[in-house]
Every structure is written in structure tokens, then in C-alpha cells.
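> Below is a structure I'd like to ask you about.
Rule-based calculations on the coordinates, nothing more; no lab input. For clarity, every value in this text was computed on a predicted model and none was experimentally measured. Please note: Cβ atoms are built from the backbone with ideal geometry, for glycine as well, and neighbour counts cover all protein chains shown.
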Amino acid sequence: MSKQKVRVRFAPSPTGPLHIGGVRTALYNYLFTKKLGGDMLLRIEDTDQTRYVPGAEDYIIESLKWCGIAYNEGVGVGGPHAPYRQSERKSIYRQYIQHLIENNNAYYAFDTPQHLDEIRKQHESQKKTFQYDQTNRLQFCNSLVITAAETKARLESDTPYVVRIKIPQNEEIFVNDLIRGQVRVNSSQLDDKVIFKSDGLPTYHLANVVDDYLMEISHVIRGEEWLPSAPLHVLLYRYLGWEDAMPQFAHLPLLLKPEGNGKLSKRDGDRLGFPVFPLQWTDPNTNEISSGYKESGYLADAFINMLAFLGWNPGTEQEIFSMEQLIEAFSLERVGRSGSKFDPEKAKWFNHKYVQQMNNEILAQLVTPELALKVIHPDNRLLLTIVGLVKNRMTFVHEFWNQASFFFYAPNNYDSKAVKERWNAESAYTMKTVSTVIQTTQPFTAQDAKARVMHHIAQQQLNTGQVMNALRLLIVGASKGPDLFEIIQIIGKEETLQRIKKGITVLG
RNA sequence: GGUCCGUUCGUCUAGUCGGUUAGGACGCCAGGUUUUCAUCCUGGAAAUCAGGGGUUCGAGUCCCCUACGGACUGCCA
């Protein structure tokens, strides 16, 4: 191992929002490099102008920011290897293409897309797959076939062309993958991939290799979908004379759909019943909205924690990890090799855990905007108390109102199931007597009220459960909520008496 | 079809050098705690380690084959 500084990159293509698989790739890159004290850069791979989606780049940046994945170089922050947008690096790639051609490792090809399409269709109809490769490259229109003069003439007359890599015959190519070990492929299986398009931009393969080299990337950590083209990349490093500086590869297992099979994709949107994007996304063409984890109520830390465990584990039984702890514990050796199906239930559990461990001050702050919308501006100490009382019933912050509305408003209706189970013929009378007891409670605290009511129950030989359940029904409107006397203390004596009175009237 | 990658409870996974009652978590079920709901606690069901062959005294762990799944197979990334 060289002493080269660890440098990784996250290199998405701005063709839409980043889905959770992409976020996980970014996360693993981040954890890996931070653990080793390295850098991480964000490079935007926008060499396909036809698939460019406005807003996607900003979305990617915003998502990483929300997740706390702080890259220290690249689009948005700049750095010594700028520009970091491949479309802005157009002029850089030319010389490398030239180098490949001059060394007979690449060639000009003038075949029209239409022609190739036709051939592809023909093969398809015969249930074969067409591949432009060493077996047939001499049957096409390229600089290996036509004369140098003819090639020159075509280039000078602006005839559209692409550049293809000239894959060697029968060579064993080895890819050393940090997760999968050594992968061996015979070059005869590979096709002469287009590395430079007729629009003047390189394709992913070339741009990726050139930029990774120029940006001094030490480790390429990317999705498994790139494994099949990794041998091609190895070849490019070799032909460009960069084999010694070739980064180490790690191909991450894919994130699969929870139902059935197949890899999770952007297209899945909300179809699966859970968000596949970190942030909400509005399609600029259709205006279709896809939900995001953030907007669905997930805490960034919980989201990250959950994502980290999809394909990686620390080898201990600890499951709750802060970003700092993840960095400390992370290693590529502990990343699994098989794809994982995403489990929305487990995601909820993580969020629940994070809500539970969140301190009341922060939770109170998070809940304040929603209350403000309802024109409720509780005293801070009071809100802190309420938050503390209902916290363990919440998986999401937005569930607060559902769990705590009765602290602010008397119930408008009574849960029918609760009425059926908790209210009977004697309830009205019993509640009247309880009301009297509460009326005379002084001072009015949870403890005093409880003592008085319990004393009353004992004295009258009433059933504690029945009394308490009926009383809760009148105060809360349902069979839920924290300690009833805590609620009573918070809403106060007058409000308590009114709710009892109203409840008796309504329920009879 | 071809190439490559993968396969331990329903799901996420532990299992790194072959000897475990195959462990944990989510979810599920039951019991306990509580005046309710939730939390929490305890317990339970749940993997013949994809299947079949080897190697070995002994294999989830090593080897081979098969099956199944996935990715890739574009002038997309």
C-alpha cells in the first residue's frame, strides 16, 4: 500500500433526484474516507446532456447536506481540481482520447446510430445480442477499415464520429475488488465501447477514469452495477499509462425493492408505499411529487443510521450509531456482498428510537411550528413537560398533535370504541361525584388530585379501573395518553370540571 | 442468450483460522408492568444455513456441480 492520501468521490449524474441507494453510496464513501482521515469530493457526471434534469444537481447537494455528508471538495465548494462538473471539463478529455488513438488503443468509428440500431434489431429478432467487438469490428465503418486519408477527410469534413476503445483479444483482466476479491474477465468478452461521443463529450467510462486519475482518487466506492464495466476501466488505466495510480475498487451490493425483486430505482417513487428519496422531489416536467424522508418526518440521524445498516454492520449488537460513531466503526470489510431489501418497518423503528433519545428541548422546538400554525403558543416550561409526557408514544415528530391535542383543546368527540367499553349506566353519576372531589381539591396538583380521587374510590368502594377509564374518556376523548392526573394538572381545575360536565351531558 | 456477482429466520444480519443448542435486531405472537394507549420488561414461534455431491473424525464455514436471484449487455450513467 502506498502512503497516498485517501480521497474518494461521489459522482452522481444529475438525471433526477438521488434515491436512497445513491445516498447510501455517498454515505459509505464518507464514512470510509473520514475514518481514514481522507477527503471526499462531489463530482457531477453530466456528460449526457439529453438526460439532464434541471434542479437535480441542487437536489443532490441539498440531500447530502441534510444527511450530514459533508464533502470537502467539488461542486458547490470548489477545490484544486475544479471544475467538478464534467460538462465543464470537456476540453480536458480530448488529449487523452488522442493519446489512446495514437497508441492504437482506440479508433474512430463512423457508423451511424441508425445503422447500429438496425443491426441490433436484427440480432434481437434472432434472439442474439449484438456486440461491436473484435470479432466484427472490421465489418464496420471505422478507422481500422478505411484508409488514413479517408479517415482524415471525414474528420475534416465534420462527419459525425465516435471513438471506440480497441479491446485486446484474449487477455485476462483482473479487477481487485475490496468487497468481492479478485474478479477475472477475459477481454474477448468485452465490446469496443464508445468512449467519446459524436457530441464531443466522453462517455462515463472515459470521463470517469480520467477524472478519477486527475483528481487523485484513491478508492472508487460505487454500486455493483459498475462491476461489469470495471475491466474496461482497468484497461483504460493501463492504456493511459496510469496503472500504478489506479484507485482501489469497492463495488457495493445493491438495494433491492422490498416486494419481489430487482434493484430499487428512481422510478419507484412512492409506488412502494414509502419514500425512496431523501428529500421531496417535484418532477420539473410532470410536476409529479415524490415524497422524501425528511418531509415524511424522518430525522436525518435516524435515516443515516438506518441506511448505514443496509449492507453493513459493526459485528457487535449495537444498532444505534451517531454519524461520529459510524465513522469510528466503519470498514469496507464489514460490508456484505449480497443485495438487501429495504424494510420500511425497520426504518420506522430507527426513527422511533431517535425520537425517544432526543432531549425535550429539541423536540419542543421541532413541535413548535405545528402548534404555531394552530395558533397555540404554549409557555416553554409547559411545552417541555407535555413533550416529556407524550414522547414515548411518538415515532414521528408530526405525531405529537395526535398524542397531545387534549392538552390544548377539550375533546370534540369521544372515541366510539372507548365509549362502548368504558362508559356505562352508572358512569354519569360516578363522574359527578368525582367532579365534586376535584372541585374541592386544593392545591390543585396531580398528586393531590390523585390522592383525593383514590380516596373517594376506596371510600365508595368503586372500581378503580372503571372510574379512571371513564374519567379519561371525558378528559382525553379516547383511551390513550399519559398519566391522567398529570393531564388534569396541566389543563387545570376549571378546564377539568368543564370537560367532565360536558362529557356527562354528551354521553349521558 | 452471453458475461459477471450473489444465495444463513418473512426482512436486515452475526458467523472472518471448519468443532455454535446457528446469535442479535425489525416485524409477529403471548405474558408482565400501567387507571388507558404507548413505552418498557420477560418469553415464544420463526433459518434441515438454496439443493446435491465431495474433502474431513467433524462443514453454514473448504472444493465442484446444479438451481434460483440480481446486475450488465446504449453515441445512459
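> Taking a ≥ b ≥ c as the square roots of the Cα gyration tensor eigenvalues, with a/c under 1.5 meaning rounded and otherwise prolate when a/b beats b/c, else oblate, which class fits the stretch A:1-129?
prolate
> For A:Ile475, what is the net charge nearby, where nearby means another residue's Cβ is under 14 Å from its Cβ and Lys, Arg count +1, Asp, Glu -1?
+3
> Where does chain A land at 222 nm, in deg cm²/dmol rounded to the nearest 500, when only DSSP H runs of n ≥ 4 count, each adding -39500 (n - 2.57), divided by all residues?
When only DSSP H runs of four or more count, the value is -13000 deg cm²/dmol.
> Less than 27 Å apart at the alpha-carbon level, and either on another chain or at least 8 residues along: which lysines does that give for A:Lys128?
A:Lys166, A:Lys193, A:Lys197, A:Lys263
> Rounding to the nearest 20 debye, state how big the charge dipole of the stretch A:405-508 is about its Cα centre with +1 on each Lys and Arg Cβ and -1 on each Asp and Glu Cβ.
Approximately 180 debye in magnitude.
> Give the lysines whose C-alpha is closer than 24 Å to that of A:Lys374, dropping any in the same chain fewer than 8 places away, or say none.
Here the lysines satisfying the reach criterion relative to A:Lys374 are A:Lys294, A:Lys391, A:Lys480, A:Lys493, A:Lys502.
> Roughly how big is the stretch A:287-444's charge dipole about its Cα centre, with Cβ charges of +1 (Lys, Arg) and -1 (Asp, Glu), in debye to the nearest 20?
The dipole of the stretch A:287-444 has a size of about 460 debye.
> Students often check this: by mean Cβ neighbours within 10 Å, which of A:354-361, A:214-221 ranks highest, and how do the rest follow?
By packing density, highest mean first, the sequence is A:214-221, A:354-361.
> Normalised by the number of residues in chain A, what is the relative contact order in percent for Cα pairs under 8 Å and 6+ residues apart?
Relative CO of chain A lands at 12 percent.
> Can you classify the stretch A:337-459 as rounded, prolate or oblate using the Cα gyration tensor, where a ≥ b ≥ c are the square roots of its eigenvalues, rounded means a/c under 1.5, and otherwise it's prolate if a/b beats b/c and oblate if not?
Prolate is the answer for the stretch A:337-459, as a/c is 1.5 or above and a/b outweighs b/c.
> Among DSSP beta bridges lying fully in chain A, give the percent that are antiparallel, nearest 5.
Beta bridges within chain A, antiparallel portion: roughly 55 percent.
> Along the charge dipole of chain A, which of A:Met394, A:Gln4, A:Ile504 sits closest to the positive end, that is, farthest toward it, with unit charges on the beta carbon of Lys, Arg, Asp and Glu (+1, +1, -1, -1)?
A:Ile504
> Taking +1 at the Cβ of each Lys and Arg and -1 at the Cβ of each Asp and Glu, which of A:Ala347, A:Pro411, A:Gln447 sits farthest along the dipole of the stretch A:340-448 towards its positive end, judged by Cα position relative to the Cα centre?
Farthest towards the positive end: A:Ala347.
> Taking the Cα atoms of chain A alone, what are Rg (to one decimal) and Dmax (as a whole number) in Å?
When restricted to Cα atoms, chain A yields Rg and Dmax of 32.3, 112 Å.
> Do any GluC sites (Glu not before Pro) in the stretch A:311-346 lie in a DSSP loop with no more than 16 other beta carbon atoms within 10 Å, and if so, which?
Here the sparse-neighbourhood loop sites are A:Glu317, A:Glu319.
> Using the Cα atoms of the stretch A:218-367 to build a convex hull, what is its mean projected area in square nanometres?
It is 12.5 nm².
> Sticking with this one: Given charges of +1 on the Cβ of Lys and Arg and -1 on the Cβ of Asp and Glu, with all other atoms neutral, how large is the dipole of chain A about its Cα centre, in debye to the nearest 20?
1340
> Quick one: Cα centre-to-centre distance for the stretch A:1-73 and the stretch A:319-341, in angstrom?
Here the answer is 17 Å between Cα centres.
> May I ask which residue of A:Thr433, A:Gln325, A:Asn142 lies farthest towards the positive end of the charge dipole of chain A, with charges of +1 (Lys, Arg) and -1 (Asp, Glu) on Cβ and the Cα centre as origin?
Of the candidates, A:Thr433 comes out farthest on the positive side.
> Let me ask something additional. For the stretch A:348-395 and the stretch A:234-275, compute the distance between their C-alpha centroids and round to whole Å.
Between the Cα centre of the stretch A:348-395 and that of the stretch A:234-275, the gap is 38 Å.
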